1. Just for the chain, what percent of DSSP beta bridges are antiparallel, to the closest 5?
2. Under 23 Å from the Cα of Lys244, which lysines turn up, not counting those fewer than eight places away in the same chain?
3. What's the local net charge at Ser122, with K and R +1, D and E -1, over the other residues with C-beta under 12 Å away?
4. Given the Cα-Cα distance of His328 and Ser44 and 0.36 nm per residue of separation, how much length would full extension add, in nm?
5. Using the per-residue mean of other Cβ atoms lying within 10 Å as a proxy for protection, in what order, highest first, do the peptides 249-258, 133-142 fall?
6. Which FRET efficiency value, to the nearest 0.05, do you get for Glu186 and Thr281 by plugging their Cβ-Cβ distance into 1/(1 + (r/R0)^6) with R0 = 41 Å?
7. Would you please state which residues of the range 287-320 a label at Tyr270 would reach in this model, taking the label point 7 Å out along Cα→Cβ and a backbone N cut-off of under 19 Å?
8. For the range 184-201 and the range 138-155, what is the separation of their C-alpha centers, rounded to whole Å?
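Bear in mind that the values in this text are calculations on the coordinates, not laboratory data. This one's a predicted model, so the numbers in the text were calculated from it and none came from an experiment. Don't worry about glycine lacking a Cβ; one is built from the backbone with ideal geometry, like all the others, and counts go over all protein chains shown.
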Amino acid sequence: MKTKYLQFNDNDLNEAGRLIRQGELVAFPTETVYGLGANALDVSAVKSTYVAKGRPSDNPLIVHVYDKKQIYDIARTVNVYAETIINELMPASLTVVLPKKAVIDDCITAGLDTVAIRMPESAEARAFLQAAAVPVTAPSANLSGRPSPTTWRRVSDDLDGKIAAILCGQPCKVGIESTVLDLSGEQPLILRPGVVTPDQIESVLKIPVKVVTNPKDKVNSPGVRYKHYAPKVPLVLDTSGDVKKLSDYYDGLSEQGFKPVLLVEDTSVYGNRSVCCIGRTDVEVAQNLFENLRVLENKYDYIIASFSSKTQFADSILNRLIRSAAQHII
Ligand code: AMP
Ligand code: MG
């Protein structure tokens, strides 16, 4: 298949919308990462998403909407917590999990009785979703397991020739995926941390939210079980920022014949070792994280990442790094 590269003008947006309604796959930018869109009301389109990405079919998809009214078309019940989140926080880099209506097929939810719903903040994403005029399922637009794409070129690297079109927008501002908040039960649960923090959610809900992001926790979020965000080369993670320890680790790998790189906060203290700045602030670290992994995997054969920030937002970055490192923490 020849992938079309569409731009943000009325003509191309209409074309992107038409392709979605015809059952084709269209990748599009959001503020978090690029998504791989399909018409959520078209079962065969949704199923083709799993094929294009090589995604396990028991990992459910998030349904994207541009208008709050659409949420009530796909959620069976919107409890008072959900209503508060919808009214006070949306649109946002936040996904809510709610009981699903029958219009949402089991292939979207991997058989769960709930559906994950997001209304993105970015103007580009909303223009696309409005042009589609149907709810759109969209996982990240990468091959399953790879670092998520934050530019249209990275979508092209993974999916060119496999999908109908890529809508070429801006690089993603947030850079990591949405916070997933389960509001389908008695207590609000954060199933995946993101830029919308537990504090922000608690401050609007006025009750404690529980963070359950450990794969060992028995929660109904299949996605947390899978290998994720892995660069092609091994990545180890340090959370101390200890320069001597990191330098020694680097030297040990060099002596074994590896060509390592340090992905660190302060690049000025490692002499002539190969270094790359992970970012000066949490916001910058998140923005560049997946792109850094995709650049470094092509130049080096071992990535030593160090990230020691301790904010709630940093927790969500750390969650991605731990999974990129396949739990290999030094
Ligand atoms: P992705 O779109 O690739 O960023 O992944 C979507 C995430 O949302 C995965 O971690 C899924 O497990 C999670 N998710 C999607 N639908 C549901 C649902 N109905 N209940 C719980 N988690 C969900
Ligand atoms: Mg993903």
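1. Working: 17 of 43 bridges.
Among the beta bridges of the chain, antiparallel pairing accounts for roughly 40 percent.
2. List returned: Lys259, Lys310.
3. Details: positive: Arg118, Arg126, Lys173; negative: Glu31, Glu121, Glu124.
Result for the neighbourhood of Ser122: 0.
4. 98.4 nm
5. On the way: 249-258: 13.5, 133-142: 24.7.
Result, highest mean first: 133-142, 249-258.
6. Numbers: r = 37 Å, r/R0 = 0.89.
Here the calculated transfer efficiency is 0.65.
7. 287-309, 318
8. 24
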